[in-house]
Every structure is written in C-alpha cells, then in structure tokens.
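Visitor: Got a structure here, written out as structure tokens. Questions coming.
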Amino acid sequence: MLFHDLDEDVLAQILLLCDIYAVLSFLQVNRSFHRLALSKQLWISLVRDLSARYLLPHLDALDDCTTAQLITKVKTLMCGPETWLPQSSVPPTVSFSKTFAAGAEARLLPGGRYLAVSSGFGELHCHDVSTGREISLGAARSNHTTSWEVDMLDDGYTANFAFLKKFIGVKRPEISIVQVNLRTGHSDQLFRLELNRDGGLYYSPVIFGDFLAMKLSKKNQRMFVVINWRQQKYAVFEDSSKSEGSMSRVAIVPGHIILTTVASKRPNDQLLLVYALGSMASCWRPVEELLYKTDPLTHELRIRPENTQPFIVERLKHNNRVFIAASSRIGMTLHPNPIRHNAYKLIVHASDFDGSATNTSHGTLLNHSGGSGSPQGTVLFIYMINLDSSTNSGFSWTRTSAFSTAPDVLYSSFSYAVYAVVSTPNNSDTHGTTTMIIDPVPTQRWTKWAGQMTREVMVLSKGFTAASTSSISSTGVILISKLNGIEICWYA
Amino acid sequence: MVLLVTSDNEQFQTEKDIVERSVLIKNMLEDVGESDQPIPLPNVSSSVLKKVTQPSTGPTEIDVRGRYLSTASTTVESPSRPPILEQSQDETRKRTTDISEWDQKFITVDQEMLFEIILAANYLDIKSLLCRRWLQDGSQHDQGARPPEEIRKLFNIVNDFTPEEEAQIKKENEWAEDR
C-alpha cells in the first residue's frame, strides 16, 4: 500500500488537523497534494480557526474569497499588510477600523481580537474589536492596579490577567491572576498572593501558562522572581545588570525562561540566557515566603550561570559590535508564530549610548540624532524558537537575522513582521512629534545607509499630538489613542 | 473494562478511558450503555488495535510542559488537572496543540503499519492519532517541521513537479519561513 492510495478524504482530514505551516509544506510535495492542499474548503476552515485568536475582519465574506485571497489574509499576519510593502503599488490602506470611547490607557490583547481600556482609576474593561461589544471584567476590576499583563490561551477568548497592585497605606502589595472568559465575561480568580511590604519593589509582570515573572528591585539588587502559580512555588533569578539605565527583560515560553543579563567577566557585555525550567527542580521554594520574609532569597540561592547551567548562553554581538552593560539599553518582544504550533519569534533590540560607552567606534553607523547621550543605531537580533517534542531537548533556538537600524525603535514594540511605531520630535517645531510606522529591516533595495536606516511606511500623526499615542499589535493592527477616542485600524 | 473484537476475531479487554479516545467507540458505548457486550470493529485488525490501545505513559512533567497543561491541548487527561482547566470535548478535539507521548510512539512504526493506523484512526475517529505527527515535527529535522523532501522520502512519494514548477511553488510559499 502506498501513501497516495489513501482516500483523499483521509488526507483532507489530516490536513484539517495540521497547522498552516505543515499544509504549506504538504502542497510542495507533488501535484496531487498541491491540488488537495489548495482546496478552498480547507483554507476557509484554516482562516476561521485562525480568526478565533487573531483579528481577521470581513469573515462573513469568506465564501466569496478565492483560495489565493484566503492565503493572503493569513500572509498578512506573518508579513504585515500587503500595502505596507516597498513594492506595493497602492498606499497603505485601512480595510477595517472601529472607534471606541477614550480611556486612560488602551492596549490590544495579543492577537488583536480584544481591546483593554483602563480608566484613570485603574478599572479595566474590554471590548470585542470586531463587534464592539463591551466585556465587563467583573472580579478583575481592581483599583490601584499598578500594572497588568495578559496571557491569551489558545482558544482565543480565555485570558489570564496578572494584576500587580502597589501598596496603599497599610495594605501590602499584591499579585493576582484572574481568568476571564471574554465571550461570556465570566471571571475566576486563579491565584492571589500578598507580598512583603519590605521585600522590595515589584514591577513589570509577565504571565505565560503556569508561570508569572516579575522584576524585583531592592536597594542595589535586582532580580527576577518567577512564580509557578499553579503549584504555589517560586524561584529567583539574579539580574546582574547594575546600572539604573539598563532595562533587563524576561520572557517565558513553554518549559523555558529567557532573560537578559550581563556577563560577570569583563567587559560585562549583554547576554541572553535561556534556562530550562525542568533543570531547576531544586530551586523552587514555597510561595508564602514572599509574604513572610523580607529577604526571600539570599544572594547565594538565586539562580545565576555560576550555580545553574543555563540551557543557552547567547552573546549579543553583531559585526564586532557588543553591548556593554553600563551603557546599553535592551528590549525584548516575544510573539507566537501565527501559523505554526509551538514556534515563537523573539525580537531583541539593543542599543548603546554615546559618551559613557567605551567602544562606540563603528564606522558604518551614523549618529542619527546627534548630540551627546543620544543612542547610537540600534541592533535588532531576531531568533526563531521551536518547541519540538521530538528533539532531545525539545527546544531549538536559531538566530535568523541581526542588523543595525535607526535608534528610533529604542522604546517601541514590534509586530510579528517586525514593523514598529515610533515617535520622533519634529526638527522644525520643538513641541511637535511625528508618529509613524517604520520598517526597520534593511532590504537589498537600499544601497548603503544613505542617512536613512529605516523605511518609513506611513505617518500616523504629525504636529502637536501630545495627547495621542499609537501602538502596533503583534499582527500589525494599529491602535491610536486620542483624548476623544480610541481608533483601531486593520490594514490590508 | 470494555471488550473489543477485531476483524481477525481476536478479543481485547481494554480500559474504558483508553478506548474512549475513539469517538466511534465512545458513541457506541453510550448507545449500548453499561453492558458486557463485545464491540465489533470490522475494519481494524488485531495488530493495529494493539498499537492504538497502547497505554499512555502517564502525564508529562508539569514543570517542563506547564503551558500545555494550562491550555486546551492534552488529549490524555492528567489526573491532577484542576477542574477549572477542563475544556469542552469539542474544544479539545478541535485544537490538539500537543501530542501526547502515546501518539508520539507511532512515529517509530514501519510504513505499512503507519497506513493501517491512519486508516484505523480515521475509522475509529481518533483525532489525536490522525494528527499532524507524520507531516510535521520531523524527528530528524531540527527546525521542527517536515520539509517536502522529507515527506516524500517518508512516504515514498514521487515528485512529479518540473524543476521550474517546484522552484515557483517554493518561492510562492517562502513567506511562511521565519527570517
């Protein structure tokens, strides 16, 4: 019996269970597979499946789409809108937009299907972006929340919110996790922990699966506190970045934690460390200690490369350029691959400052904005992470690219397709700023830098727009927050 | 325990929770209710059924795979799973984002057996078995997915594209690769 003797219905069934990446691999096998994998029914099903987690407007018209049009919709999630490409014959075009009432802070949840808006008092509510329906977060409404993060589960509508509250008066700081069903508005508290008032300052929570990570700063010490909230235990990683200016980062993927740190040996350059959570079984401690003890873990017990072997140690180095802890800034953006199970893209941007830096002699880089203390060109490092249960470690890590770009991207986040929203002061008008979408990835189309290291895709606002902020979601949906409303734009 | 009878008339005593992975058998059991009646499986041979009913090696390590246990993923329910994580049957069937070790073992069987298992899984309606295991997550391939060449090799499939066609199709699908 041969594979092609299998009933086409069986093959079609298998394809329905594959991720899109596998379907695209399948269609390259031979002619009959090519025909089978381009079936419109299959792609309607794949797009519908995807639309549970990602904002894909105009779903009611799917039946009128050709297979090629359906594939283009998927492609947008991976590569950004077609009208943003340099070779596009039409200017950037909004295909869907919706306006919501203004709030103090607005954020799109991962995938762009839902919008979270917080009032000035820290109350949070959500909207379904495509229908406009408001979702009251019930139990999740919380005053005095200093920061929150969210983990969207694979179904696309269950969200685990992590709320970190600062202490008010006699109250202790507190971390809680609330699971919200964004379809029904039903919410459940999954975890709540009061923290010791003298334990230091907690900030920047990150939540993923069973794990919650926060930064903790106490006197001159910095660390990452990682909590397995389901098993009520915690561990502490040393954050050896000593300088105030440095921005250490942490990200979690299944089974592994990724953090930025600084090499203990001179010249103390920036490193990325990946630890396998399975390798640190002895480091976990009962979570109650974070309430009772002012010093949760002494220096010796914190996890660092000297006592726990990281799974991967990656030096951030590009064309002989390294980033020295004392003078560099670093950011990390992690996105799941929209079309591939268990795959992630990690975008790390590193930049150093003029003046204090000891090795800023890079002839190819232009000093973009000039003046002392201004950042040099930023380097973007892009990694692909694959969690493949069939390899020994279950984790593959590949640097897919590294390139220099303009310093503007320093504080921005990136979409999966590596577009960013940046704001720069106008040269002529000192009060105004220009906010635009840029493509920081150099292409062969540009010869040398020619003074411009990024491609300007479009300007979102210009002039005096201090009251307006814009951001880009993982899939390229743009959020523009103004005093009189929040606009969500999906570009085709 | 449930009694199954295969096409070659062999009888199998099998744990109920294992056979209920098959939607077909689950529905049959619901139809007949609690009874000792054997369930006939005229399209499945004993050698295939042995493979299909191989017991699971148990829940995977929670630390390493914490994420999986917290999403609608595992087809093998872990006994320690808190009720809050229970997903509807439909949801679990629809998105099998994780492959249990039970499913993984099948990658090691020979090709003949592989086809029979695919057919049996289709007949028995076991989604996790019909899964992407054979098309992606290639065991030798570091990148995690099977490139077309590997699918061809694994299943003895002849490439009938012309080199030009093949290059064109490859180019058309380049966008799916991370760069």
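Visitor: Within the range B:41-67, count every residue that is more than 14 Å from every other protein chain (Cβ to nearest Cβ), at pLDDT 75 or above and open to solvent by 80 Å² or more (accessible area, probe 1.4 Å).
Guide: The total comes to 2.
Visitor: Please determine, by comparing only the residues of the range A:1-48 that are among the charged types (D, E, K, R) and modelled with pLDDT of 90 or more, which one is farthest from the chain's Cα centre (by Cα).
Guide: Here the residue is A:Arg31.
Visitor: Within the range A:369-379, identify whether any single residue is open to solvent by 30 Å² or more (accessible area, probe 1.4 Å), modelled with pLDDT under 90, of a type outside the set (Gly, Ala, Ser) and touching a strand residue (DSSP E or B) at 6+ places or on another chain (Cβ under 9 Å), and answer yes or no.
Guide: No, every residue in the range A:369-379 fails to be open to solvent by 30 Å² or more (accessible area, probe 1.4 Å), modelled with pLDDT under 90, of a type outside the set (Gly, Ala, Ser) and touching a strand residue (DSSP E or B) at 6+ places or on another chain (Cβ under 9 Å).
Visitor: Now for a different question. Could you please give the count of residues in the range B:20-43 that are β-branched (Val, Ile, Thr) and in contact with a Leu (Cβ under 7 Å, 6 or more places away or on another chain)?
Guide: Counting residues in the range B:20-43 that are β-branched (Val, Ile, Thr) and in contact with a Leu (Cβ under 7 Å, 6 or more places away or on another chain) gives 2.
Visitor: If I ask for residues that are open to solvent by 20 Å² or more (accessible area, probe 1.4 Å) and within 25 Å of the chain's Cα centre (by Cα), which ones from the range A:189-198 would you list?
Guide: A:Gln189, A:Leu190, A:Arg192
Visitor: Would you pick out the residues in the range A:226-241 that are more than 11 Å from chain B (Cβ to nearest Cβ) and more than 18 Å from A:Val274 (Cβ to Cβ)?
Guide: Within the range A:226-241, A:Ile227, A:Gln232, A:Tyr234 meet the criteria.
Visitor: Now for a separate question. Suppose we filter the range A:91-103 for residues that are open to solvent by less than 70 Å² (accessible area, probe 1.4 Å) and outside any strand (DSSP E or B); how many remain?
Guide: Adding up the residues that qualify gives 4.
Visitor: Cβ-Cβ distance below 6 Å, separation of 6 or more or different chains: which pairs start in the range A:189-211 with a residue that is within 14 Å of chain B (Cβ to nearest Cβ) and end on one that is part of a loop (DSSP other than H, G, I, E, B)?
Guide: Correct list of pairs: A:Phe191/A:Trp229; A:Gly209/B:Ser70; A:Asp210/A:Arg230; A:Asp210/B:Ser70.
Visitor: Scan the range A:199-209 for residues that are open to solvent by less than 50 Å² (accessible area, probe 1.4 Å) and among the hydroxyl-bearing types (Ser, Thr, Tyr) and jot them down.
Guide: Matches in the range A:199-209: A:Tyr202 only.
Visitor: Looking only at the range A:325-357, filter to residues that are part of a loop (DSSP other than H, G, I, E, B) and either open to solvent by less than 30 Å² (accessible area, probe 1.4 Å) or charged (D, E, K, R) (or both); which one of those is modelled with the lowest pLDDT?
Guide: Taking the candidates together, the pick is A:Ala357.
Visitor: Look through the range A:104-117, keep the residues that are open to solvent by 10 Å² or more (accessible area, probe 1.4 Å) and of a type outside the set (Asp, Glu), and return whichever of them is farthest from A:Val457 (Cα to Cα).
Guide: Result: A:Ala104.
Visitor: Cβ-Cβ distance below 9 Å, separation of 6 or more or different chains: which pairs start in the range B:12-38 with a residue that is open to solvent by 50 Å² or more (accessible area, probe 1.4 Å) and end on one that is modelled with pLDDT of 80 or more and polar (S, T, N, Q)?
Guide: Note: pairs meeting the criteria are B:Pro38/B:Gln11.
Visitor: What is the number of the single condition among (1) in a loop (DSSP other than H, G, I, E, B); (2) surrounded by 15 or more Cβ atoms within 10 Å (Cβ to Cβ); (3) modelled with pLDDT of 90 or more that A:Thr131 does not meet?
Guide: (2)
Visitor: Could you give every pair whose Cβ atoms fall below 7 Å, whose first residue belongs to the range A:83-98 and is without any contact (Cβ under 8 Å) to a residue 60 or more places away in the chain and within 20 Å of A:Thr454 (Cα to Cα), and whose second residue is open to solvent by 70 Å² or more (accessible area, probe 1.4 Å) and outside any strand (DSSP E or B), counting only separations of at least 6 or pairs across chains?
Guide: Taking only residues 6 or more apart or on different chains, the pairs are A:Ser88/A:Glu82.
Visitor: Here's a follow-up. Are any residues in the range B:163-179 open to solvent by 50 Å² or more (accessible area, probe 1.4 Å) and either in a loop (DSSP other than H, G, I, E, B) or at the interface with chain A (Cβ under 7 Å from one of its Cβ atoms) (or both), and if so, which ones?
Guide: B:Lys170, B:Glu177, B:Arg179
Visitor: Still on this structure: Taking into account only those residues within the range A:392-432 that are at pLDDT below 80 and within 14 Å of chain B (Cβ to nearest Cβ), which is surrounded by the most Cβ atoms within 10 Å (Cβ to Cβ)?
Guide: The residue in question is A:Gly394.
Visitor: Kindly state which helices (runs of 4 or more DSSP H) lie completely within the range A:1-90 and contain at least 1 residues that are touching a Leu at 6+ places or on another chain (Cβ under 7 Å), within 10 Å of chain B (Cβ to nearest Cβ) and closer than 15 Å to B:Ala176 by Cα.
Guide: Filter on the range A:1-90 gives A:20-26, A:67-79.
Visitor: Here's something else I'd like to know. Filter the range A:303-324 down to residues that are over 15 Å from A:Leu259 (Cα atoms) and not in a loop (DSSP other than H, G, I, E, B) and give me whichever is modelled with the lowest pLDDT.
Guide: Top of the filtered list is A:Ile324.
The values are calculated or read from the model by the stated rules, or taken from the named source; none is laboratory data. On a predicted model such as this, the values are computed, not experimentally measured, just so you know. Every residue, glycine among them, receives a Cβ derived from its backbone with ideal geometry; neighbour counts consider all protein chains shown. All accessible areas refer to the heavy atoms of the entire protein, side chains included, with ligands and DNA or RNA removed. Shrake-Rupley method; radii C 1.70, N 1.55, O 1.52, S 1.80 Å.
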